[in-house]
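All of the numbers you see were taken from the coordinates with simple rules; none came from a lab. If you're wondering where the values come from, they're calculated on a predicted model, not measured in any experiment. Don't worry about glycine lacking a Cβ; one is built from the backbone with ideal geometry, like all the others, and counts go over all protein chains shown.
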Amino acid sequence: MKGKHKKTLTAIFTTPTRANIRFSDIESLVKALGGEVREGSGSRVVLEISGIREYAHRPHPGKEAKRYVVEKIREWLKNLEITP
């Protein structure tokens with residue numbers, strides 16, 4: 001995992017939840033962790049690591065993930081025992 005991915009992981013676990021995490025950085029982190037990112041319908045995205053899926057909506061028109069999306073991804077990563 002590159003330094004940028006570690007920074008993204010740390011940002012996801014920062015409290016209070018940050019609103020300036022780019023969704024593309026989250027997708028890149030999932031890929032770096034050996035996961036997959038698949039397009040769903042509309043702005044929906046399927047993030048999958050080790051067969052465990054999380055569904056999220058890609059933000060538009062902005063690039064930053066909404067706080068509630070970051071919190072969902074944080075819980076998903078905790079369940080996968082992935083922490084900074």
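Can you spot the lysines whose alpha carbon is less than 22 Å from Lys72's alpha carbon? Ignore those fewer than 8 places along the same chain.
Lys4, Lys6, Lys7, Lys31, Lys63
Size of the dipole of the chain about the Cα centre, Lys and Arg at +1 and Asp and Glu at -1 on the beta carbon, nothing else charged, in debye to 20? Could you put the intermediate results ahead of the total?
Details: 17 positive and 10 negative charges, 62 e Å.
So the magnitude is around 300 debye.
What does the charge count near Glu39 come to, summing +1 for each Lys or Arg and -1 for each Asp or Glu among other residues with Cβ under 12 Å from its Cβ?
+1
For n ≥ 4 DSSP H runs only, could you compute -39500 (n - 2.57) per run for the chain, divide by its residues and tell me the 222 nm figure to the nearest 500?
Value at 222 nm, helices only: -12000 deg cm²/dmol.
Is the stretch 1-43 rounded, prolate or oblate when judged by the Cα gyration tensor, a ≥ b ≥ c being the square roots of its eigenvalues, rounded requiring a/c under 1.5 and prolate requiring a/b larger than b/c?
oblate
For the chain, run through the trypsin sites (Lys or Arg not before Pro) and keep only the ones in DSSP coil with at most 12 other Cβ atoms within 10 Å of their Cβ.
Within the chain, the qualifying trypsin sites (Lys or Arg not before Pro) (loop, at most 12 other Cβ atoms within 10 Å) are Lys2.
Using the Cα atoms as the points, what is the convex hull volume per residue of the chain in Å³? Walk me through the intermediate numbers first.
Values: hull volume 6.8 nm³, N = 84.
Given the Cα convex hull of the chain, per-residue volume reads 80 Å³.
Can you list the GluC sites (Glu not before Pro) in the chain that are in a DSSP coil and have 15 or fewer other beta carbons within 10 angstrom?
On the way: sites: Glu27, Glu36, Glu39, Glu48, Glu54, Glu64, Glu71, Glu75, Glu81; in loops: Glu81.
Hits after loop and neighbour filter: Glu81.
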